[in-house]
Amino acid sequence: MTQPSRSSSRWPLVAVLLIVGTFAVYVTHIKKTEKESFMPPSPPPVPATQAPLPSGASGSTQTAEGGPASLIPGPGTFYPSQGHAHWEEDRLKTFAYNSNPPTSGPHEEVFADGYLSTKPLSKAIQVHLLEHGNVLIQYHCTCPSLVKKLSDLSRSFDTYNPQMAMEMGKAVLIAPNPTIGKNKIALTAWTRLEILPRYNDQAIKAFITAWLGNERNSRQ
């Protein structure tokens, strides 16, 4: 009687092992597929967004150079920066500022004579003051009582020598301005303007507190 060879006797075992291995791979694949099908999809990346315009803001959200404006929430209407260029007086005469009173743009490197001016300040000087972080309060009326109120309020913020304060961006300055509406008060900081129909202690203090010495705002 002929004995079966060893190699032929191993084939059934090899076949079984192949079947078992194939089945194990198949089961593993099915489980992986089912697991992936129940996984929630990854959320899409959230795009970067600009800070919203403050209440009452107007104008473009682009700077004069074409880049996105760095909007900082706070009181007043936002006007896009027109830059920080230093120009001579003759060249400034033809420049059109995007707000009245101006809130940014080319200017002279000249400060005011003191905290309280009895004469209107030129636009070029106004912008230079704002560039340093100062706040201007301008009025259009013959109103000594209002001027006194404004002066008294500004003194609570003006704690330095005027020239030092202006350089540091710590000055609140008062001046007449016949170009704004009659009996109106204009509050300006760099890229910010708020027009008040009458004296409002709370609104003026809020504007000054927000923008006086605000380096981040004045760098826009």
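Looking across GLY114, GLY133, GLY105, one residue alone is farther than 20 Å from ARG198 by Cα and surrounded by fewer than 18 Cβ atoms within 10 Å (Cβ to Cβ). It is GLY114.
The set of residues in the range 194-216 that are surrounded by fewer than 15 Cβ atoms within 10 Å (Cβ to Cβ) and closer than 16 Å to THR77 by Cβ comprises PRO197, ASN200. Annotation: THR188 fulfils all but one of (1) under 26 Å from PRO80 (Cα atoms); (2) free of Cβ contacts under 8 Å to residues at least 12 places away in the same chain; the unmet one is (2). Within the range 145-173, residues that are free of Cβ contacts under 8 Å to residues at least 24 places away in the same chain and at negative phi have Cβ atoms under 9 Å from residues that are buried (at least 18 other Cβ atoms within 10 Å of the Cβ) and part of a helix (DSSP H, G or I) in these pairs: THR159/ALA165; TYR160/MET166, counting only partners at least 6 apart in sequence or on another chain. Only helices (runs of 4 or more DSSP H) whose full extent lies in the range 111-220 are considered here, and the ones with at least 2 residues that are among the polar types (S, T, N, Q) and either more than 25 Å from LYS93 (Cβ to Cβ) or modelled with pLDDT under 95 (or both) are 144-155, 201-211, 215-218.
Does the range 84-95 contain at least one residue that is loosely packed, with under 15 Cβ neighbours inside 10 Å and either touching a strand residue (DSSP E or B) at 6+ places or on another chain (Cβ under 6 Å) or in contact (Cβ under 8 Å) with a residue 24 or more places away in the chain (or both)? Among the residues of the range 84-95, at least one is loosely packed, with under 15 Cβ neighbours inside 10 Å and either touching a strand residue (DSSP E or B) at 6+ places or on another chain (Cβ under 6 Å) or in contact (Cβ under 8 Å) with a residue 24 or more places away in the chain (or both), which makes the answer yes.
Give the range 185-202 a look and list any residue that's closer than 20 Å to ARG155 by Cβ, touching a strand residue (DSSP E or B) at 6+ places or on another chain (Cβ under 6 Å) and not hydroxyl-bearing (Ser, Thr, Tyr), or say none. Matches in the range 185-202: ILE185, ALA186, LEU187, ALA189, LEU196.
The values are calculated or read from the model by the stated rules, or taken from the named source; none is laboratory data. Being a predicted model, the structure only gives us computed values, none of them experimental. With ideal geometry, Cβ positions are generated from the backbone for all residues, glycine too; neighbour counts draw on all protein chains shown.
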